[in-house]
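Only one structure is covered here, and it is reproduced in the block below.
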Amino acid sequence: MKTILIIVVVSLVGLVAFGVAYNFVISPPTTTAITSTSQAAGLTLTISGEVTRPGTYVLDSGAKMIDLITAAGGTTSNADYLAWNAEFECANKGSYYIAPIYDNSNTCSLEPIKKANLNADDAQTLQEVAGFTKTVANAIVNYRISNSFACLEDMKNVSGVGQATYISTRDKLTLRGKEA
């Protein structure tokens, strides 16, 4: 009888320990605790793409992209460091995306995605590599005359670039070249 009781108690302790481990280690929460003393003073930010824990986070005002990435557990090994700017200051209620190096839909891919530089490439390259129309590619080049792209989401400020265009092209773009 004692043996059965010990087995039951050990099993219950094991199940509780597994439940805690599952919730916090195997499947971490997607939202961090509020890091500022007041939610009103913080920024509510969403991050997706090549980060360990995509989700929505509340960070202190003035938070930079690197702070958001850190809150999300860092980038994955497939994150394209040329497609995000660590010093970019995030805007409240902003939604940010970390692009991949390799195509996620092809697990056997050994070749990186061919990408265009949003801040430097000409309209022809933007059309051929990223798939923009001629009109949108020219609008991006014209936008760059007075603005630079600090994050991929900035391309939604260009006339003719809506959510659908942004989603279909964001994996094919970088913000800077390899030498930067």
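Please treat every number below as a calculation from the coordinates, not as lab data. Note that this is a predicted model, so its numbers are computed, not measured. A quick note on method: Cβ atoms are made from the backbone with ideal geometry, for glycine too, and the neighbour counts reach across all protein chains shown.
Brief remarks on what is shown
- Close amide H pairs (under 5 Å, H built 1.01 Å from N) link residue 55 with 47, residues at least 5 positions away or on another chain.
- In sequence order, the stretch 125-141 has phi-based couplings of 5, 4, 5, 5, 7, 8, x, 6, 6, 4, 5, 5, 4, 5, 5, 5, 4 Hz under the Karplus curve 6.51 cos²θ - 1.76 cosθ + 1.60, θ = phi - 60°, and Gly or Pro positions carry x.
- Extension gain (nm, one decimal) between residue 110 and residue 53, 0.36 nm per residue minus Cα-Cα: 18.1 nm
- Loop-located trypsin sites (Lys or Arg not before Pro) across the stretch 99-180 with a Cβ neighbour count of 15 or fewer within 10 Å are 114, 178, with loop assigned by DSSP.
- Residue 43 long-range amide H proximity, modeled H, under 5 Å: 59, 60, 61
- At full extension, residue 120 and residue 134 could sit 3.4 nm farther apart than now, given 0.36 nm per residue minus the alpha carbon distance.
- Karplus 3J(HN,Hα) series, Hz, for the stretch 84-94 with 6.51 cos²θ - 1.76 cosθ + 1.60 (x for Gly, Pro): 8, 10, 4, 8, 5, 8, 6, 9, 4, 6, x
- Projected label distance in nm at residue 95 and residue 146, using a 7 Å step from Cα toward the beta-carbon: 2.8 nm
- Between the amide H of residue 98 and those of 48, 49, 50, distances stay under 5 Å, these residues lying 5 or more places away or on another chain, with hydrogens modeled in the peptide plane.
- Rounded, prolate or oblate (a/c below 1.5 giving rounded, otherwise prolate when a/b exceeds b/c) for the stretch 125-180 by Cα gyration tensor: rounded
- Each residue of the stretch 144-155 is assigned a 3J(HN,Hα), and the resulting list reads 5, 4, 10, 9, 10, 8, 8, 8, 4, 5, 4, 5 Hz, derived from the Karplus form 6.51 cos²θ - 1.76 cosθ + 1.60 (θ = phi - 60°), x at Gly and Pro.
- The share of C-alpha pairs in the stretch 76-165 whose separation exceeds 21 Å stands at 36 percent.
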